[in-house]
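Got a structure here, written out as structure tokens. Questions coming.
The values are calculated or read from the model by the stated rules, or taken from the named source; none is laboratory data. Please read all numbers here as calculations on a predicted model, not as lab measurements. Cβ: placed from backbone, ideal geometry, glycine included. Neighbour counts: every protein chain shown.
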Amino acid sequence: MDNMLKFNSINDYNVFNNNTTLHPLVSVVDLSKANPRSGSRMYFGFYTIFLKDVVCGDLTYGRATYDYQEGTLVFLAPGQVAGMNSNGQLYQPKGYALVFHADLIHGTELGRHINQYSFFSYDTREALHVSEKERQIVLDCFAKIQYELEHAIDKHSKKLIASNIELFLDYCQRFYDRQFITRENVHKGILERFEGLLNGYFESEHPQTIGLPSVAWCANELNLSANYFGDLIKKETGRTAQDYIQSKIIDIAKGKMFDLDKSVSQVATELGFKYPAHFTRLFKQRVGITPNEFRSQN
């Protein structure tokens, strides 16, 4: 699967799948109309959401592989690469793809907050698995978009299409929230592993060699994408991952402050701060007093 197909326009992807282009910036693609094909890597220059109906190989994303099962939604942002690994065998694509160009949503409410849908930056192994009832809601949203595409373009078209895409994405946000709960067995222990990871970090030489632990570093160590990890921690704790890390830093800092042989600057350096002033600023923001004031009071 070394060959890569590039789709820079909606029409390119429609032609590839034997679908008619009804609008240059958006399409609901019926994948069953495509010719049988073997796996290949694909570059998408637009937002792409796949609704997979049947098992037909392993979906690959970047260099990772994900078992692409029935009832799965996969989200790709413009510029991402994905593909199907069919082990050299021909397969008949089935299911649907909603594709829309960023130009479609410029100036719309959706365009102003498209970045809030963090699942476009999830790895495919963090795909959305939908129930049959949820799948019907997805298909209903697709049908509404298709209806607008088949309607003669008028002054309402752009707003209605963008609004229906936004409605679909809002449903997906709800489904992901549900998945964080129903896949508890998958996520079980992530918070405990996160806590252990931070404890081990500050007991190692990492603060001196790497600096302060970042959300991206922690996510990578836990084999999760940064966005998925951040959303998961927020659902589990009600706090952002960054806030959780900072709380851990302050807890450890408080303990170190009782060692009167160490200056505030030394404590800051041991924690991974490049500049002691940054440590003092964070400490005061979180505790309400400076490190020296905390030391004096205790």
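Quick check, is TYR117 among the aromatic types (Phe, Trp, Tyr) and without any contact (Cβ under 8 Å) to a residue 24 or more places away in the chain?
no
Residues that are under 24 Å from GLN116 (Cβ atoms) and without any contact (Cβ under 8 Å) to a residue 40 or more places away in the chain: does region 200-210 have at least one?
no
Let me ask you something else. For region 95-139, which positions are assigned to a loop (DSSP other than H, G, I, E, B), among the small types (Gly, Ala, Ser) and buried (at least 17 other Cβ atoms within 10 Å of the Cβ)? Spell out the reasoning first.
To start, the set of residues in region 95-139 that are assigned to a loop (DSSP other than H, G, I, E, B) comprises 95, 101, 106-108, 113, 117, 122-123, 127, 130-131.
Subset that is among the small types (Gly, Ala, Ser): 95, 107, 127, 131.
Selection gives GLY95, ALA127.
Any idea which residue in region 229-247 is surrounded by the most Cβ atoms within 10 Å (Cβ to Cβ), counting only those that are under 16 Å from GLY189 (Cβ atoms) and not aliphatic (A, V, I, L, M)?
Only one residue fits best here, namely PHE229.
Considering VAL55, VAL28, which residue is out of contact with any Lys or Arg (no Cβ under 7 Å at 6 or more places or on another chain) and modelled with pLDDT under 95?
Within the list VAL55, VAL28, the selection yields VAL55.
Right, here's the next one. How do the strands (runs of 3 or more DSSP E) wholly within region 1-53 filter down when requiring 3 or more residues that are farther than 18 Å from CYS141 by Cβ and in contact with a Phe, Trp or Tyr (Cβ under 9 Å, 6 or more places away or on another chain): which remain?
4-7, 41-44
Mind checking whether some residue in region 140-147 is within 30 Å of ASN223 (Cβ to Cβ) and among the aliphatic types (A, V, I, L, M)?
no
Would you please name the residue that is surrounded by the fewest Cβ atoms within 10 Å (Cβ to Cβ), looking only at residues in region 148-170 that are in contact with a helix residue (DSSP H, G or I) (Cβ under 9 Å, 6 or more places away or on another chain) and not in a helix (DSSP H, G or I)?
That would be HIS156.
From the list ILE181, ILE161, exactly one residue is among the aliphatic types (A, V, I, L, M), within 30 Å of GLY79 (Cβ to Cβ) and out of contact with any Ser or Thr (no Cβ under 7 Å at 6 or more places or on another chain). Which is it?
Numbers: ILE181 fails: within 30 Å of GLY79 (Cβ to Cβ).
Of ILE181, ILE161, the one residue that is among the aliphatic types (A, V, I, L, M), within 30 Å of GLY79 (Cβ to Cβ) and out of contact with any Ser or Thr (no Cβ under 7 Å at 6 or more places or on another chain) is ILE161.
Residue by residue through region 198-212, note down the ones that are closer than 14 Å to PHE273 by Cα and not in a helix (DSSP H, G or I).
GLU205, ILE210, GLY211, LEU212
So ARG286 passes all but one of these: (1) surrounded by fewer than 14 Cβ atoms within 10 Å (Cβ to Cβ); (2) part of a helix (DSSP H, G or I). Which condition number does it fail?
If we test ARG286 against (1) surrounded by fewer than 14 Cβ atoms within 10 Å (Cβ to Cβ); (2) part of a helix (DSSP H, G or I), just (1) comes out false.
I'd like the full set of residues that are assigned to a helix (DSSP H, G or I), farther than 19 Å from GLY200 by Cβ and either polar (S, T, N, Q) or within 33 Å of the chain's Cα centre (by Cα) (or both), limited to region 243-268.
ASP243, SER265, GLN266, ALA268
When you scan region 215-234, do you find a residue that is small (Gly, Ala, Ser), outside any helix (DSSP H, G or I), outside the structural domain of LEU76 (by TED's automatic domain parsing) and free of Cβ contacts under 8 Å to residues at least 60 places away in the same chain, even just one?
no
Pick from THR60, THR48, THR72: which is in contact with a strand residue (DSSP E or B) (Cβ under 8 Å, 6 or more places away or on another chain) and modelled with pLDDT of 95 or more?
From the options THR60, THR48, THR72, the qualifying one is THR48.
If a residue must be closer than 21 Å to GLU195 by Cβ and β-branched (Val, Ile, Thr), how many such residues does region 250-298 contain?
3
Right, next: Among the residues of region 15-28, write down those that are touching a strand residue (DSSP E or B) at 6+ places or on another chain (Cβ under 6 Å), closer than 22 Å to ASP154 by Cβ and among the polar types (S, T, N, Q).
SER27
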